Amino acid sequence: MRLRPAAGFVLIAFTCGLKAQPLEEVNYLMPAPATLPSFIPWTLAQQRGYYAKEGLKVTFQTVRGGVDVSVQVGAGNAPIGGGIGETTIITRAQGVPSRTVAVLGGGAFTQLVVHDGQGINGPQDLKGKTVNVLAYQDTSFYSLLGMLASAGLTKNDVDVQAAGPTGIWQQFAAGKAHAMATTINWGLDARNAGAKIRIIRSDTYFPSMAQAIIASDAMIQKHPELIQKLVRATVRGMEDIMRESDGVVADYLAAVPSMKGKEAFVAENIALYIDYVYKGQKVAGATDPQRLAQVQKFYVSQGIVAKESPLDQLYTNQFVQQQ
């Protein structure tokens, strides 16, 4: 997929009274559609005008997962994008000059979802079981490997199925898988399809991370003020969710009309994301370098990446410390 280069952002004038207010157009790459409940901080920042207040007109563009986001951003095809806190471990090892500029939460994005009452209480009970992941090159798979390792197990001890974005929860709901390493909203989709679920915190067993904002080294150096604005507006969306909880549902539904009539589902997603993902940061949006280092060491030990990258090339907290 070829995207419009980030250089030369277009300025569009909007009239406010007698004075034109220029908004800078920015393509923001997302690993999946921004309308999904897992991306409410971004949707809320857009709906509540936080990007506009920063002087930006943000357009979300969907590409093929967080690694693709990081590669495209590193190539200069967009100024910024979304992934997971550990995404840059993978892409920096491939020579991609991009790094995490914010992490949205102190928990993990991927959780372990199991059928309640079937005797699976943690990774130690997965031996011989079928476990669904999104894809074999996705962080859900790597998180699963980390959880298994905590119990002395490997991928050879389970039947791992890469089921795709719909099959991951549909097959689980149909009883074709005993567990899935997945997002909270897909866990609730399975529950709504008839499965009796239990969500087990993955970061109890492996320190995988929450969603992240990714920018290139060049953008950080040449346009730090733009990155600051995008980070500030997005983190503000997360902070609104943590403060208001289901008070943000109306604005989310206004932005995503297809979710109307599913208010209870959205509210439950929000409550669970707050508890499992967003809580736990001393500074909202900050990357925990020790946690990142732990994940990178595991990735190297598993051959996911060939060698460790210098930690300061994987992230920067310069934009969240100025919130």
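The values are calculated or read from the model by the stated rules, or taken from the named source; none is laboratory data. Note that the structure is a prediction, hence the values are computed from the model and not measured. For neighbour counting, all protein chains shown are included, and Cβ atoms are generated from backbone atoms with ideal geometry for every residue, glycine included. Please note that ligands, DNA and RNA were not included when accessible areas were found on the heavy atoms of the full protein model with its side chains. Shrake-Rupley method; radii C 1.70, N 1.55, O 1.52, S 1.80 Å.
Annotation: extensible slack from THR154 through VAL283 equals 43.0 nm (criterion: 0.36 nm per residue apart, minus Cα-Cα distance).
GNM on the chain, C-alpha springs below 10 Å: top fluctuator among ALA210, ALA173, ALA218? Result: ALA218 has the largest fluctuation of those listed. When you filter the trypsin sites (Lys or Arg not before Pro) in segment 233-297 for DSSP loop state and at most 15 other Cβ atoms inside 10 Å of their Cβ, you are left with LYS260, LYS279, LYS282.
For the chain, with a Gaussian network of springs between Cα atoms less than 10 Å apart, report the residue from PRO22, PRO31, PRO257 with the top mean-square fluctuation. Most flexible of the set in this elastic network: PRO257. Using Cβ point charges alone (K and R +1, D and E -1), the dipole size of the chain about the Cα centre works out to roughly 260 debye. Taking every DSSP beta bridge that has both ends in the chain, the antiparallel portion is near 60%.
For the residues HIS115, HIS178, HIS223, a GNM of the chain with alpha-carbon springs under 10 Å puts the largest fluctuation on HIS223.
Sites listed here are chymotrypsin sites (Phe, Trp or Tyr not before Pro) in segment 94-151 whose DSSP assignment is loop and whose Cβ has at most 16 other Cβ atoms within 10 Å: TYR136. Each label was represented as a point 7 Å from its Cα along the Cα-to-Cβ direction; for LYS262 and ALA306 these points are 4.3 nm apart. For the chain, the longest principal axis of the alpha carbon atoms and the long axis of helix 65-74 meet at an angle near 40°. For TRP169, the solvent-accessible surface computed with a 1.4 Å probe is close to 50 Å², ligands and nucleic acids excluded.
Which of rounded, prolate or oblate describes segment 217-293 when judged by the alpha-carbon gyration tensor and an a/c cut-off of 1.5? Taking the square roots of the gyration eigenvalues as a ≥ b ≥ c, segment 217-293 is oblate. For the listed residue pairs LYS222/LYS282; LYS57/LYS229; LYS53/LYS260; LYS127/LYS176, the alpha carbons are over 18 angstrom apart in LYS222/LYS282; LYS53/LYS260. Charges were assigned to the Cβ only: +1 to each Lys and Arg, -1 to each Asp and Glu. The resulting dipole of segment 256-323 about its Cα centre is roughly 40 debye. Based on Cα contacts under 8 Å between residues 6+ apart, the chain shows a relative contact order of 25 percent. What the Cα convex hull of segment 37-187 gives, in volume per residue, is 129 Å³.
Direction-averaged projected area, Cα convex hull, segment 182-323: 10.8 nm², rounded to one decimal.
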